[in-house]
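The values are calculated or read from the model by the stated rules, or taken from the named source; none is laboratory data. Quick caveat, the model's predicted, so the values are computed rather than measured. In this analysis, Cβ positions are derived from the backbone assuming ideal geometry, glycine residues included, and neighbour counts consider all displayed protein chains. Each accessible area value is taken on the protein alone, full model and side chains, heavy atoms only, with ligands, DNA and RNA left out. Shrake-Rupley method; radii C 1.70, N 1.55, O 1.52, S 1.80 Å.
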Amino acid sequence: MTHLCSLSTVPAGRCCVIARIDADADLTARMRALGLQLGRRVHVMRRSPFKGPIQVRSGQTDIIIRRSDAGLIQVRPCDPGGDTAVFKESECA
Amino acid sequence: MSKRIALVGMPNTGKSTLFNRLTGAGARVGNWPGLTVELLSAKLLLGDSMVELVDLPGLHNLHGFSEDERVARHFIETQPVNGLLVLLNATQLERQLALVLQLKALGLPMLLALNMADEAASRGIRIQIETLSEQLGLPICLVSAKHGQGVPELRQALTTWLRDNPNPVTAQARVLREDDDIEHNVDSLLARTVHVPPVLSASRTDRLDRILLHPWLGLPLFLLIMLLVFQIVYGLGTPLQDGLGWLLDELKTGWIAPAISGLPAWAISFLLEGLYDGIGTVMTFLPIIVVFFMAMAVVEDSGYLARAAFLMDALMSRMGLDGRAFVLQLMGFGCNVPAMMGARVIRSRAQRILTMMTIPFSLCSARLQVFLFFTTAVFSPLAAPWVLFSLYVISFAITFLTAWIWRGRARHNIDPLLMELPPYRLPTLSVLARQSLRESGHFLRQAGGFIILGVALVWFLTHFPLDAAPASPATLAGRLAGWMAPIFSPLGIDQLLSIALLFGFVAKEVVIGALAVIYGAGGDELSGILNQRLDWVQAYSFMLFTLVYTPCLSTLATLRRETGGSRYMWASLVWSLGVAWMISFVFYQTARALQ
Ligand SMILES: Nc1nc2c(ncn2[C@@H]2O[C@H](COP(=O)(O)OP(=O)(O)OP(=O)(O)O)[C@@H](O)[C@H]2O)c(=O)[nH]1
Ligand SMILES: [Mg+2]
């Protein structure tokens with residue numbers, strides 16, 4: 001059982017890989033069009049205060065996404081261990 | 001046979017820029033995904049045939065859709081075309097190529113243009129055009145719609161392509177291909193044809209964002225930027241306005257008055273105090289309008305609007321709105337109508353309607369004219385800009401209040417917020433020139449059209465019967481104002497002013513023209529009269545009422561069209577009238593009680 005984090009909890013400056021998307025078909029398609037799809041590496045650029053949206057970068061595209069929508073995306077950390085890497089329990093706040 | 005090409009692509013890829021470049025048309029351009037929300041077409045000469053080019057709203061995919069995407073999709077699926085000119089952002093092929101593969105399933109001839117060649121080059125992105133073209137089986141051109149490179153070649157390619165596809169065809173019933181299949185194709189295609197260097201250093205956009213999107217500095221900076229833009233418009237525009245006013249005055253006393261001195265008295269009054277003063281006073285705002293819309297164009301093209309959405313979303317979401325609604329509010333500073341149509345990008349109907357209900361409170365450039373006139377007439381030069389700024393703040397406050405009270409269903413029917421944050425860009429001079437040309441043309445057409453009509457009507461109302469003193473209680477206007485007095489006197493708005501408000505219902509641009517006719521004086525003279533007759537409390541109460549009281553006719557018509565019924569139009573009308581009266585009443589009575 002791998003441990004995934006929701007994208008909405010990943011701190012700014014981190015790199016992660018999208019492992020699962022729980023949105024409905026419509027939203028999944030929209031996410032895909034903006035570059036958020038399974039297996040893509042994304043960087044969390046910044047999080048706005050007061051539980052505002054977060055800014056993530058996928059490839060050459062910067063995207064803003066509300067925290068609640070980002071909550072539908074599950075990610076694992078980018079590097080060490082490749083596909084099997086997991087977040088430590090404590091990292092998902 | 002008429003030929004037609006549709007311009008298709010994801011939002012913000014530069015479709016409207018290319019459309020303008022190819023046809024010389026004046027479509028609105030801006031660094032904000034979803035700026036174009038309806039079809040726009042123009043003619044273009046390719047080889048020896050005249051072709052209709054249609055600029056479509058941006059399209060993310062052929063699946064889900066918001067109202068603007070529906071417009072684009074409906075066009076592509078039902079209208080016969082000679083082909084699709086598909087425009088992609090060359091720097092973002094990794095996510096945009098999938099759209100090409102989806103579109104291919106429609107069976108229409110396609111030509112691919114990769115835009116933003118300049119940005120791709122500066123990011124070190126290299127694309128093997130020939131290989132990509134071979135693999136996709138489509139002709140491809142690399143262009144920069146903004147700066148023009150590659151556009152002659154694109155024209156050439158379009159001409160050849162059109163010769164090969166002389167007959168318009170309609171899209172085939174779509175065989176939806178498996179998306180995963182498409183993704184797989186895209187990935188392997190990209191690996192072979194596109195080289196993206198690893199990012200080494202933070203780009204200019206990144207460095208700017210570090211400041212402008214700073215968690216704590218972001219919002220204060222936003223206010224500061226607004227104030228700055230506003231000071232520039234004020235500082236640049238008002239001297240120009242004074243100059244124009246002076247010129248018009250000279251013209252009146254030096255040329256026109258002597259030239260028509262032989263006419264009967266009523267005709268002189270109609271021509272000079274009616275038409276000339278009325279229209280002239282409105283016309284003095286032309287320089288401000290030009291400067292104002294140039295500033296708007298810079299803001300819209302900079303990419304800062306998307307940042308404003310990012311910064312404000314947290315606050316807006318508490319009122320059932322989102323960051324996009326805030327941006328539309330800012331766009332409404334120019335004119336409420338396109339801002340209201342811009343709400344098409346919001347997919348949840350409840351939230352879209354709520355957004356549209358708040359837009360009429362955005363302080364548009366027509367209201368700005370009234371406020372500029374009143375603040376400079378009644379307040380000291382030092383206080384005037386701040387008074388004006390306070391009206392912007394109040395306009396936001398009323399927006400928030402409206403959303404808060406009406407949020408109802410929108411709160412449970414939340415549209416996901418997911419959008420591109422484009423890089424910062426600078427507008428070219430030609431974009432600025434085109435934008436201000438379009439807006440001043442709009443302004444002049446209005447001045448030449450219904451403002452003349454309104455001013456003439458006001459003259460008639462204030463001068464008929466002809467033997468009564470102009471604008472006295474015996475005239476038609478006087479009687480009308482008498483009936484309305486019980487409504488307006490608790491607000492400190494005197495009878496003559498209320499007549500002007502009546503005309504402002506059609507369009508706020510008429511208000512100043514109407515006042516000029518009512519007081520029989522234009523420009524500076526009118527300022528002087530207002531200064532004598534109104535103290536600051538009355539003036540401010542009048543401005544508050546003007547800010548809120550009713551959307552202009554075109555805004556109401558837009559609201560009706562966009563919601564598909566009159567219900568919300570009436571709701572908006574009644575609500576804004578009620579709020580306007582309450583606010584002016586509370587303000588006026590409190591201020592008087594404190595004095
Ligand atoms: N650097 C660069 N910027 C461009 C180019 N073409 C367009 N832009 C900019 O890209 C932004 C979007 O341009 P638009 O023409 O409004 O894009 P659009 O595809 O019509 O967008 P929507 O109507 O929202 O779908 C504007 O800021 C343009 O100035 C280009 O070739 N190079
Ligand atoms: Mg456009």
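Run the helix sum for the protein assembly as shown: -39,500 (n - 2.57) per DSSP H stretch of 4+ residues, divided by residue count, reported at 222 nm to the nearest 500 deg cm²/dmol. Spell out each step's value before the answer.
Details: 29 runs with 362 residues, N = 688.
My calculation for the protein assembly as shown gives -16500 deg cm²/dmol from helical runs alone.
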Rh by Kirkwood over Cα pairs, then Stokes-Einstein D for the stretch B:391-443 at 0.890 mPa s and 25 °C, µm²/s: 159
Leading residue at positive end of dipole, the protein assembly as shown (Cβ point charges), from A:10, B:486, B:93: A:10
FRET E, pair residue B:383, residue B:70, Förster distance 45 Å, beta-carbon r, rounded to 0.05: 0.40
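Quick one: if the Förster radius is 35 Å, what FRET efficiency do residue A:38 and residue B:122 give, using the C-beta to C-beta distance and rounding to 0.05?
Working: r = 31 Å, r/R0 = 0.88.
Efficiency computed from Cβ-Cβ geometry: 0.70.
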Fully extended contour minus Cα-Cα distance, from residue B:211 to residue B:259, at 0.36 nm per residue: 11.2 nm
Helix axis angle, B:429-446 relative to chain B longest principal axis, alpha carbon, degrees: 40
√(5λ) per eigenvalue of the Cα gyration tensor, the stretch B:545-595, largest first, Å: 30, 9, 5
Virtual spin-label span in nm between residue B:52 and residue B:268, 7 Å along Cα→Cβ: 5.5
Cα-based Rg and Dmax for the stretch B:423-467, where Dmax is the largest Cα-Cα distance (Å): 19.0, 66
All-pairs alpha carbon distance profile, the stretch B:299-450, 5 Å steps from 0, percent: 2, 9, 15, 19, 17, 16, 13, 7, 3, 0
Area accessible to solvent at residue B:116, 1.4 Å probe radius, in Å²: 20
Spatially proximal lysines relative to residue B:43 (Cα-Cα < 30 Å; intrachain offsets below 8 disregarded): B:3, B:15, B:104, B:146
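Using DSSP, restrict attention to beta bridges with both residues in the stretch B:42-186 and report what percent are antiparallel, rounded to the nearest 5. Walk me through the numbers before you get to the answer.
Numbers: 6 of 15 bridges.
For the stretch B:42-186, the DSSP antiparallel bridge percentage is about 40.
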For a label point 7 Å along the Cα-to-beta-carbon line of residue B:242, residues of the stretch B:370-392 with backbone N under 11 Å: B:381
All Cα pairs of the stretch B:192-246, percent lying beyond 13 Å: 74
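Which values, in whole Å and largest first, are the semi-axes of the equivalent ellipsoid of the stretch B:214-257 obtained as the square root of 5 times each eigenvalue of the Cα gyration tensor?
Working: eigenvalues 348, 6, 3 Å².
Values for the stretch B:214-257, descending: 42, 5, 4 Å.
With all pairs of different alpha carbon atoms counted, what Kirkwood hydrodynamic radius in Å does the stretch B:33-86 show?
Numbers: mean 1/r = 0.0823 Å⁻¹.
Computed over the stretch B:33-86, the radius equals 12.1 Å.
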Percent of Cα pairs exceeding the 18 Å cut-off, where the set is the stretch B:1-143: 54
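Starting from the eigenvalues of the Cα gyration tensor, five times each then square-rooted, give me the equivalent ellipsoid semi-axes of the protein assembly as shown, largest first, whole Å. Write out the running numbers ahead of the final one.
Values: eigenvalues 514, 182, 92 Å².
After scaling each eigenvalue by five and taking roots: 51, 30, 21 Å.
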Tilt relative to chain B, helix B:151-164 - C-alpha long axis, 0 to 90 degrees, to 10: 70
Inter-label distance, nm, simple model (7 Å from Cα along the C-beta direction), residue B:413/residue B:590: 3.5
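Would you tally the net charge around residue B:285, using a Cβ to Cβ cut-off of less than 12 Å, leaving residue B:285 out, and scoring K and R as +1, D and E as -1? Walk me through the numbers on the way to the answer.
On the way: positive: B:367, B:508; negative: B:242, B:439, B:509.
It works out to a net charge of -1.
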Overall dimensions of the stretch B:430-560 by Cα: Rg and Dmax, Å: 16.1, 54
Debye-sum result for the stretch B:431-497 in log10 I(q)/I(0), which assumes one identical scatterer on each alpha carbon, at q = 0.21 Å⁻¹: -0.84
Scattering curve values for chain B, log₁₀ I(q)/I(0), Debye with Cα scatterers, q = 0.08 Å⁻¹: -0.64
Solvent-accessible area buried by pairing B with A, both sides, nearest 100 square angstrom, 1.4 angstrom probe: 3200
Rg [Å, one decimal], Dmax [Å, integer] - the stretch B:143-274, C-alpha atoms: 31.1, 84
Kirkwood estimate for the stretch B:351-395, i.e. one over the average of 1/r between Cα atoms, Å: 11.5
Length gained when the stretch residue B:156-residue B:188 is fully extended (0.36 nm per residue, less Cα-Cα span): 8.5 nm
Antiparallel DSSP beta bridges within the protein assembly as shown, as percent of all bridges there, nearest 5: 65
Largest-first principal axis extents, alpha carbons of the stretch B:1-42, Å: 36, 19, 15
Inter-chain shielding of B:252-259 (mean C-beta neighbours from other protein chains, 10 Å cut-off): 0
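What's the ranking of B:20-30, B:235-245 by average number of surrounding C-beta atoms within 10 Å, highest first?
Details: B:20-30: 19.5, B:235-245: 16.6.
Sorting B:20-30, B:235-245 by mean packing, highest first, produces B:20-30, B:235-245.
Å³ per residue of the Cα convex hull, for the stretch B:238-331?
Numbers: hull volume 11.2 nm³, N = 94.
Given the Cα convex hull of the stretch B:238-331, per-residue volume reads 119 Å³.
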